[in-house]
């Protein structure tokens, strides 16, 4: 009986290690495949090069990095205030009766596959930008033109996609603020708005901050939606109506026809992406740990 | 500005931003359902596609989605549940356990396209499985593990300590306690994790795109290439093949997601009621 129990315990331990082994394997295989070209081409040239022409074996990913950053930044500018507002609404303002369905709706947003978002963006947002947003921009700059495939399209769709992450984590952080904080603030004569703005949100700020970091990771790593609506043109964008290619989109699109060297270069992009996401993850964990220490 | 108008503006901003979030959801779901539902006919569900998906239905693609999802769930469930049991029942808060936990979190944060690259380099090329149901399923297995582990662990935590003590004091061993007392209590948590994992597997595209090949023919073995609904939607949308079929596929995906969400919510609602 004892030996049986021991064996089971070992099996369970092995299962627990599977995730760790997977992370190790992923790291090894991405680096093993992408590293040779990175070293051969030069890490600095690869990252700072402004020309991505894989067919002539020129691999500079700066335009892709800029593309990813532009789309992500746009998504955060739209998504973060909206997400925090939803979290405040859910935890401080809404009645139980409205909070329930509202929360379910936000969760539903998280469940919709990214390719569906991409399709929606392609069929609704891209033409809308071409037909309705462009004329507005042209009032200020008549030379501007766009096909609709743009940073703006990517940013709007990504903003919707990162909402659930921001809302659920921020809401957790806000709910975790002790009731005494609210009572003390109200007892001192502050009204509800002042309590929310000056006591509750500041008290929950590290949780909110880490939700923003995780949302940023999601936006950077998102592939299918971005692939369908940002245009995939590896060039430096001049305005938010210009098309861009992102790190993820370039990998997804070009893997299907890439030759051996080109394929390695795509894995090298994977390395860059992997490192960015790791750093963001570690940052988010550190912020959360700090938050745990404060409460 | 006086206090009263400041308050009014504050509430107006909060409520309108929240409404904006809700409206975008309704817009996306509503638009796709309205445009796509008419296309979901019995022919669409029961026929094979012809002319690159321009005509016919998506039966082999539905089957392909089921195969890939099933492979992922069959492999991931025992591993995920066992890992959660380890974290909640066996592990102590040591450095190595914290590290394993950290890597589980890390795995959850890795973008799907990286999983795709890995699946391609490891399962398709290195293991020699080729573009196949198995390669895609195994890649998805790793992707959904964190979801499963988290959901199971959450429900393990809700089992009162006294249950464990009661069982152990009656002479049951630790494993007997886990199998006969603790796991039956958190069936619904495991089920929620499974359903959420299923949702992730069905909706995933980028990882699948680089590992299953994309063939529209009916897969006959685990080593055949296939195509999932999400991938099919991408192919149709990016190539502009047939608007009607694209909407119908998207609507079908949304319906599946709606069903999955409803079931998951219902289970966790009952769970809260019980505890």
Starting from residues that are facing chain B (nearest Cβ under 9 Å) and within 22 Å of the chain's Cα centre (by Cα), keep the ones in the stretch A:187-223 and report whichever is farthest from residue A:272 (Cα to Cα). A:214
(1) within 11 Å of another protein chain (Cβ to nearest Cβ); (2) surrounded by fewer than 21 Cβ atoms within 10 Å (Cβ to Cβ); (3) at pLDDT 90 or above: which one isn't true of residue B:98, the others all being true? (3)
When you scan the stretch A:230-244, do you find a residue that is more than 13 Å from the chain's Cα centre (by Cα) and assigned to a helix (DSSP H, G or I), even just one? no
In the stretch A:12-31, what count of residues is obtained for those that are at pLDDT below 95 and either exposed (fewer than 13 other Cβ atoms within 10 Å of the Cβ) or more than 10 Å from chain B (Cβ to nearest Cβ) (or both)? 0
What residue, among those in the stretch B:60-85 that are out of contact with any strand residue (DSSP E or B) (no Cβ under 6 Å at 6 or more places or on another chain) and closer than 16 Å to residue B:214 by Cβ, is surrounded by the fewest Cβ atoms within 10 Å (Cβ to Cβ)? B:63
Hey, can you tell me all the residues within the stretch B:195-220 that are in a loop (DSSP other than H, G, I, E, B) and at pLDDT below 90? B:214, B:215, B:216, B:217, B:218, B:219, B:220
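Residues checked against (1) within 7 Å of another protein chain (Cβ to nearest Cβ); (2) on the phi > 0 side of the Ramachandran plot; (3) not in a helix (DSSP H, G or I):
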| site | (1), (2), (3) |
| --- | --- |
| B:37 | no, no, no |
| B:52 | no, yes, no |
| B:65 | no, no, no |
| B:103 | yes, no, no |
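For the stretch B:141-163, which positions are over 11 Å from the mean Cα position of the chain (by Cα), closer than 16 Å to residue A:110 by Cβ and surrounded by 24 or more Cβ atoms within 10 Å (Cβ to Cβ)?
B:151
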Check on residue A:118, farther than 20 Å from residue B:12 by Cβ, within 14 Å of another protein chain (Cβ to nearest Cβ) and outside any helix (DSSP H, G or I): no
Being modelled with pLDDT of 90 or more, assigned to a helix (DSSP H, G or I) and within 11 Å of chain B (Cβ to nearest Cβ): is that true of residue A:80 here? yes
Being closer than 15 Å to residue A:25 by Cα and within 19 Å of the chain's Cα centre (by Cα) is the filter here; which residues of the stretch B:119-134 pass it? B:119
Return yes when residue B:124 is modelled with pLDDT of 95 or more and either at positive phi or part of a helix (DSSP H, G or I) (or both) and no when it is not. yes
Suppose we filter B:118, B:126 for residues that are under 18 Å from residue A:267 (Cα atoms), within 12 Å of another protein chain (Cβ to nearest Cβ) and surrounded by fewer than 24 Cβ atoms within 10 Å (Cβ to Cβ); which single one remains? B:126
Looking at the structure I just gave you, is residue B:264 within 10 Å of chain A (Cβ to nearest Cβ), touching a helix residue (DSSP H, G or I) at 6+ places or on another chain (Cβ under 8 Å), closer than 27 Å to residue B:152 by Cβ and modelled with pLDDT of 90 or more? no
Which residue, of A:141, A:145, is touching a helix residue (DSSP H, G or I) at 6+ places or on another chain (Cβ under 9 Å), more than 10 Å from chain B (Cβ to nearest Cβ) and either at pLDDT below 95 or under 25 Å from residue A:252 (Cα atoms) (or both)? A:145
Considering (1) touching a helix residue (DSSP H, G or I) at 6+ places or on another chain (Cβ under 6 Å); (2) part of a helix (DSSP H, G or I); (3) farther than 17 Å from residue B:139 by Cα, say which one residue B:235 fails and leave the rest. (1)
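The values are calculated or read from the model by the stated rules, or taken from the named source; none is laboratory data. Source: prediction; values computed, not measured. Note that each Cβ is placed from the backbone with ideal geometry, even for glycine, and that neighbours are counted across all protein chains shown.
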